[in-house]
Amino acid sequence: MAAVHPKLIEYKKSIEAFKTSEDREEALKHAYSALAALDAYSDATAHKDDAAAEMVQNCRQAVLKQIQENSRSIATSGRSSSSSSSSSSQEMAAASSSAIPKHAASSTGDGGSGKERQIGKFVDPVVSWDNIIGMRKVKNDLKQMLLQPVQMPQMYNNNYKPAHNVILWGPPGTGKTVLAEACAKMLDARFMSVKASDFIEKYVGSSERNIASLFAEAAAQRCRCMIFFDEFDSFARRRDEGTTEHGMQLTNELLRFIDPDKLSPNLYIFAATNNFTILDDAISRRFQRKFFVGLPSVNDRKRLLEHFLGLDDTVLPVEKLEHAAELTNYYSPSDIKNVVAAARDIMLERVCVSTHFTKLDDGSGKYVPCEANHATAEPVERIDRRLILKPSIKLSHIAKAAQKIPPTCTPMVEKQYLAILQKLSSQ
């Protein structure tokens, strides 16, 4: 008779302790211990046995369901408890957090060799609304949607819960990630940004385990937190006949955890995608609100140009700034940043290739490039390079940079985005 793996024995003991514990905090601690034992068993077997992998996955789903229910109960009771019981809860939170499995923050992606790969971690957001230029409408809509339930909770009940699942969609480089982080800062929530490459693995059950561990870590935060899925369309595509079994399981696991009716009141799910139409219909329905983040208007482009030029201590006259804004039509904020960086390189090109410089007669002691036959020309080898005056970015530099760097979003692509937006608005 084959011996039972020691980690399975440890799992059974933790589950038994979890079932018999009368204290929710203590039960949660044992549940995390059981999850850690399952993960250790999965690593030891390297998922070579499909039957064992299926058994582990079923056990993990049952444990995580109990973790979510206990976490919601603790969060509810914690809001109505006294300050002394709150202090005790925080101490137990630290104890239970130490029992969180290692896969809540990382996972093995090398077939069980022990090399850990970081999935992501919750951090304090640093981006605020003041850091975001333009996008006035979408910012106002997000503020109203997120702040109203916090400021007036009496307006909501169990039959009508505030929206916590949000999709930000639109052309690439328009600022969807910074919008999500600014929302997290506004809510005083911890923030985690993840991509498909952070948790998708080739071994049976590994990707599903990583998603489960991700939400287990969110449940352990004991405060408002936000999980932001970047490039969401890369792992939430519509299921069809060509979808693999692994893709089906991954989508099913994600559907279970982002169900708005079962989501913890302290957890917000944000996702960003450039291609809204290819998302799975069931996944899309889980997100109550969808916000289009489009290209900046001409006034927003002027403000963006003014901001990025200001980082180089350059100020363009109003009429030239307006001309530069017209030159950057269909450019996203990210594209405009790249154009200004390229314009700076073009501006410095003459300084870098010049062989002769002349001293300014304003008494500053600074040098500027000149021709070799200039009356006061000095070879670059004879001057202190630190005294060379840094020139300013001009409109001509921006025009040359815009010719070298085309916009990511073409007029035809923007027209397609606007057609999708109009269709959604009419539904």
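Read-outs: derived from the displayed coordinates by stated rules, not from any lab. Small disclaimer: the values here were computed from a predicted structure and weren't measured. For neighbour counting, all protein chains shown are included, and Cβ atoms are generated from backbone atoms with ideal geometry for every residue, glycine included.
Peptides 249-256, 167-174 ranked from most to least packed, by the mean per-residue count of other Cβ atoms within 10 Å: 167-174, 249-256.
Cβ crowding within 10 Å ranks S425, S354, S206 as S425, S354, S206, fewest other Cβ atoms first. Using the Cβ of K137 as centre and a radius below 13 Å, the other residues enclosed give a net charge of +1, where K and R count +1 and D and E count -1. 3J(HN,Hα) along the range 206-212: 5, 5, 5, 5, 5, 5, 4 Hz, from the Karplus curve 6.51 cos²θ - 1.76 cosθ + 1.60 with θ = phi - 60°, whole Hz, x for Gly and Pro. Near the amide H of E231, within less than 5 Å, lie the amide hydrogens of A272, all on another chain or at least 5 residues away, with H placed in the peptide plane. Here S284, S193, S332 are placed in order of increasing Cβ neighbour count within 10 Å, fewest first, which gives S284, S193, S332.
With K and R counted +1 and D and E -1, the other residues having a Cβ less than 15 Å from that of H307 yield a net charge of -1.
The phi torsions of the range 373-388, fed into the Karplus equation with coefficients 6.51, -1.76 and 1.60 and a -60° offset, translate into couplings of 8, 5, 4, 10, 5, 10, x, 4, 5, 9, 10, 7, 4, 5, 8, 6 Hz, rounded to whole numbers, with Gly and Pro shown as x.
Relative contact order of the range 139-263: 25 percent, from C-alpha pairs under 8 Å at least 6 residues apart in sequence. Ranked by how many other Cβ atoms sit within 10 Å of their own Cβ, fewest first, the residues D233, D240 fall in the order D240, D233.
Think of each Lys and Arg Cβ as +1 and each Asp and Glu Cβ as -1; about the Cα centre, that makes the dipole of the range 119-295 roughly 560 debye.
Sorting 314-324, 397-407 by average packing, meaning the other beta carbons within 10 Å per residue, from highest down gives 397-407, 314-324. Cross-link partners for K65 among the lysines, with Cα-Cα distance under 16 Å and sequence neighbours closer than 8 places in the same chain left out: K19, K29, K262. Taking amide H as placed 1.01 Å from N in the peptide plane, the amide H of C409 sits under 5 Å from that of S332, each at least 5 places away or on another chain.
Amide hydrogen proximity for Y268: with H placed 1.01 Å from N in the peptide plane, the residues at 5 or more positions away or on another chain lying under 5 Å are C225, M226, I227.
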